Amino acid sequence: MKKLYQRYSREHCAYLKKRKKKKIFIQVARVGILAIILGLWELCAQLKIVDPFITSSPSRVAKTIAGLYESGALFRHVGITLAETLAGFFIAVVLGYSVAVALWSSDSARKIAEPYIVVLNSLPKIALGPLIIIWIGTGYTAIVFMTVFVSVIVCIMNTLAGFIAVDKTKLLLLKAMGAGKAMTLRKLIIPASVPTLMNTLKVAVGLAWIGSIMGEYIVSKAGLGYLIVYGGQVFKLDLVMSATFILCLLAGGMYGLIALIEKLVTKQ
């Protein structure tokens, strides 16, 4: 602390200390809320306030996950779903970013494509499930395709909105200095839209998981989505809740990784 006082004023040190305490409070509050939810869930199940056969309980979920681990099925199902989600996520982000760059480069193309993008975004993707099976088949490719299809439109719209929102004064300044589209994109648009890209990645994380699980509902023979469907069909609701809990952990971990990357990139 003495070294800190030598570098900064006393008021600034007090501000940094207060900010650090706030961050700790937020983390503790998050963990505390989760602990309360799990505790109330377990208590209600043990006291038969709710039927544990229908709602399961944390202890039964833990027992089910341990059983999956012992049988060797846990990592197989988790690995399949994680691979499908990551593949669809990266393809959707790269494709969405590329299309957004192309649409930003041509005002006419953007105006022509805009209504089609809006319509595709509002289309219920699950309705195309039978068609995807016919077009692509019933393998993992169909699930990755569904993941990309669910995520890519939002990636395009969010990224393009970030490009368009860049300060018009800076655009005019670069144009006055003779900068072309490529230089403007490289020197201004991409750096200025980094926060938008990070937000797009956060949104795409959730959509990628939705897409992969949606695809597994339709065509899979393995994966967490398959476990949820199978558990519902045979009334093994502990299995359904266990797979859902694992999905929450994986999605939270992936979101946390994106948040860490955002902190490193934006220096926050």
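The values are calculated or read from the model by the stated rules, or taken from the named source; none is laboratory data. If you're wondering where the values come from, they're calculated on a predicted model, not measured in any experiment. Methodologically, a virtual Cβ is constructed for each residue, glycine included, from the backbone with ideal geometry; neighbour enumeration extends over all protein chains shown.
Yes or no, residue by residue, for (1) under 20 Å from the mean Cα position of the chain (by Cα); (2) small (Gly, Ala, Ser):
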residue	(1), (2)
113	no, yes
162	yes, yes
178	no, yes
186	no, no
191	no, no
field: the range 58-86: number of residues that are outside any helix (DSSP H, G or I) and either under 26 Å from the mean Cα position of the chain (by Cα) or under 30 Å from residue 201 (Cβ atoms) (or both)
entry: 0
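Matching residues to (1) over 30 Å from residue 181 (Cα atoms); (2) modelled with pLDDT of 85 or more; (3) over 19 Å from the mean Cα position of the chain (by Cα); (4) part of a helix (DSSP H, G or I):
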site	(1), (2), (3), (4)
96	no, yes, no, yes
101	no, yes, yes, yes
120	no, no, yes, yes
127	yes, no, yes, yes
130	yes, no, yes, yes
133	yes, no, yes, yes
145	yes, yes, no, yes
149	no, yes, no, yes
task: Sort through 151, 98 and tell me the only one that's among the hydroxyl-bearing types (Ser, Thr, Tyr), within 21 Å of residue 205 (Cα to Cα) and surrounded by fewer than 20 Cβ atoms within 10 Å (Cβ to Cβ).
output: 98
message: Suppose the filter is of a type outside the set (A, V, I, L, M, F, W, C), closer than 28 Å to residue 41 by Cβ and either outside any helix (DSSP H, G or I) or at pLDDT 85 or above (or both); does residue 244 pass it?
response: yes
message: When you check residue 229 against the structure, is it more than 16 Å from the chain's Cα centre (by Cα), assigned by TED's automatic domain parsing to the domain that holds residue 118 and assigned to a helix (DSSP H, G or I), yes or no?
response: yes
- line: Across (1) among the polar types (S, T, N, Q); (2) surrounded by 15 or more Cβ atoms within 10 Å (Cβ to Cβ); (3) closer than 25 Å to residue 128 by Cβ, residue 233 clears everything bar (2)
Top-ranked residue in the range 193-224 [being polar (S, T, N, Q) and at pLDDT 80 or above; ranked as surrounded by the fewest Cβ atoms within 10 Å (Cβ to Cβ)]: 199
message: Residues that are surrounded by 19 or more Cβ atoms within 10 Å (Cβ to Cβ) and assigned to a helix (DSSP H, G or I): does the range 107-116 have at least one?
response: no
query: Which of (1) within 20 Å of residue 223 (Cβ to Cβ); (2) assigned to a helix (DSSP H, G or I); (3) in contact (Cβ under 8 Å) with a residue 60 or more places away in the chain does residue 159 not meet, given it meets every other one?
result: (1)
task: Return the only residue of 190, 228 being surrounded by 13 or more Cβ atoms within 10 Å (Cβ to Cβ), touching a residue at least 12 places away in the same chain (Cβ under 8 Å), of a type in the set (Val, Ile, Thr) and out of contact with any Pro (no Cβ under 8 Å at 6 or more places or on another chain).
output: 228
- line: Among 169, 138, the single one that is at pLDDT below 85, of a type in the set (Val, Ile, Thr), more than 25 Å from residue 249 (Cβ to Cβ) and not in a helix (DSSP H, G or I) is 138
query: Looking at the range 35-49, which of its residues are more than 28 Å from the chain's Cα centre (by Cα) and surrounded by 14 or more Cβ atoms within 10 Å (Cβ to Cβ)?
result: 42, 44, 45
query: So which residues in the range 87-102 are without any contact (Cβ under 8 Å) to a residue 12 or more places away in the chain and under 21 Å from residue 223 (Cβ atoms)?
result: 90
